[in-house]
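Structure record follows, encoded as structure tokens.
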Amino acid sequence: MIPFVLVHLHQARFDGTLRVTQQGSVKLLFFQRGEIAMASSNESRDHLAPILIREGKLKNEQLDLARKSAKPGTSLARVLVQMGFLTSGELFAGARQQLRQIVGSLLCLTDAQYSLEKDHFPREITSLNVDTREMILDLVRKITERTFILSEVGSPDTRWEPVPAFPEMLAALRPPNPWKELADRAAPRPDDVAFAVENMYPVRIRGREFVPYHPDWDPTRAGAGASGAVFGIAGVLISFFYFAKLDLPKERIKSILGWVTRFAVINLAFGFSLRLAGIDIIGNAAHLGGLITGLLLGVFFARTYSAPAEERFGRQLRILAGAAVLLVALFPPIIKAEKPRLESFYGEIALQRADYTAAIAHFQKALAQSPDDAIIHGALGYALAGSRRYDEAMGEYKRALALQPGFPWVEVNMAATYLAQGQPGTAVELFKKNMGKTTWESEDYRYYGDALMQTGDLNGAEAALLQAIKLDPKDARPHQLLAQVYTKLGKTADAEREAKFGSSR
């Protein structure tokens, strides 16, 4: 019951407090526009201090000392930070873990009571900036209570199919784009296996997934091994024994065909099942390519057996020579077709080295071959922004969005460019629009925190910069920005500590 309440409140963008009670236990969830901002509980194991102790961030002796030093009405958490027992980042991470723990404890409740207080949001509550949707989905995936799972989804042999209203329900859930793409494929199709493995592997630029394409047909990947040749031999055997008119018992031919066919089918299925499970160790392209090539060669070899014995060897040599010539002839058009992807890959490598000049050249070459590729326009925009050519970067971002409106990866980078151009308000709007739509890195949270600080949202800036530090503790820049935020908030000790961290990195 409670999980459905959480989902409903999130979808309805509820503002207020959810109170859940069960046998003396009271847990409160504070919602802001459908997002769970914070949570509290009267159970001691859900309190922040025990969580920090279990995580190894705090000792019992430190907690006792802080309690003795705390004055009435003073926050114990603030005292722990002031005494140097915790950093602001550790406190923020502990509060997020507390939120996850409390929400997770509600997911399997079946006999709890709840009540709602609309528009009730105490002033002392500060949002932890957690994506509610992703948090709930992650917590659901980690549920180990078999009874609860079976009560919701049925036994393992239960068959589920999309209902007519599936698209509208999916849109209401607002899942991340990769999940939506997979869910869109839920309807049964004749080519389920091929469709399920298609477009599931992304290229990454500065760590962000942005180019979906098939992993096994990737020209930037090198493969090694004899399995492709083995599948080629299997293909030759299958078509040869099927088409050749051999003076062998039919049962013997049927037995050979059955064994080789089972070998090929089972190993192909194994390779694609690993791909679906996200295990990238088998070159399915080599397997399929070898099998198809072998099947074709086997047909021609089988036909040589219709010729007199003294002519067979010569025909077989001509078949092999013709196959070799055909393969060589296919190389130039294949290389030309894959050139944009190769240039994009070289551009990605240049970006990882922060060599923006080389990256720009590679992406421009890729666009010369594929001018209507929104992804390459977005990548070129990022490289131009890295070279401080902001106006040109904006032009590429706008071309990308004209080709693919609402592209989250492009809009987040565009927001960072607006910030560099002195337009923090516009940047904040774009950052907020795309939060949760794509994976954010430390750099994104740093830009977001800087934009929030410049627009006067100091609490939001603090939360964003703490997240940037959590993702990349070695980066000095978010510490330096956080020191400015704390200075404006009047938190002198915190500002001095962050400035010290920033100068030491």
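Here are a few things to note about the model shown:
- Residue ID - most open to solvent (accessible area, probe 1.4 Å), chosen from residues in the stretch 108-132 that are over 25 Å from LEU91 (Cβ atoms) and at pLDDT 80 or above: LYS118
- Looking only at residues of the stretch 283-321 that are closer than 18 Å to GLY235 by Cα and free of Cβ contacts under 8 Å to residues at least 24 places away in the same chain, we find that the one that is least open to solvent (accessible area, probe 1.4 Å) is THR304.
- Residues of the stretch 79-89 satisfying the condition of being open to solvent by 60 Å² or more (accessible area, probe 1.4 Å) and outside any loop (DSSP other than H, G, I, E, B): GLN82
- Some residue of the stretch 386-405 being under 25 Å from GLU134 (Cβ atoms), among the hydroxyl-bearing types (Ser, Thr, Tyr), at pLDDT below 95 and under 22 Å from the mean Cα position of the chain (by Cα): no
- Some residue of the stretch 92-104 being part of a loop (DSSP other than H, G, I, E, B) and under 21 Å from LEU466 (Cβ atoms): no
- Of the helices (runs of 4 or more DSSP H) lying entirely inside the stretch 442-494, those carrying at least 1 residues that are under 24 Å from ARG78 (Cα atoms), open to solvent by 30 Å² or more (accessible area, probe 1.4 Å) and without any contact (Cβ under 8 Å) to a residue 12 or more places away in the chain are 476-489.
- Residues of the stretch 365-410 that are β-branched (Val, Ile, Thr) and open to solvent by 20 Å² or more (accessible area, probe 1.4 Å): ILE375 alone.
- Members of the stretch 90-107 that are aliphatic (A, V, I, L, M), under 19 Å from GLU35 (Cβ atoms) and open to solvent by 10 Å² or more (accessible area, probe 1.4 Å): ALA93, ALA95
- Any hit, the stretch 408-424, residues being touching a residue at least 40 places away in the same chain (Cβ under 8 Å), touching a strand residue (DSSP E or B) at 6+ places or on another chain (Cβ under 6 Å) and in a helix (DSSP H, G or I): yes
- TYR356 being buried (at least 19 other Cβ atoms within 10 Å of the Cβ) and under 27 Å from GLN423 (Cβ atoms): yes
- In the stretch 411-439, the residues that are modelled with pLDDT under 90 and either open to solvent by less than 20 Å² (accessible area, probe 1.4 Å) or of a type in the set (Val, Ile, Thr) (or both): ASN434, GLY436, THR438, THR439
- Taking the listed residues LEU296, LEU274, LEU327, the one that is modelled with pLDDT of 80 or more and assigned to a helix (DSSP H, G or I) is LEU296, with no other qualifying.
The values are calculated or read from the model by the stated rules, or taken from the named source; none is laboratory data. Computed from a prediction, not measured in an experiment: that's the story for all the values here. Cβ: placed from backbone, ideal geometry, glycine included. Neighbour counts: every protein chain shown. SASA here: full protein model, heavy atoms, side chains in, ligands and nucleic acids out. Shrake-Rupley method; radii C 1.70, N 1.55, O 1.52, S 1.80 Å.
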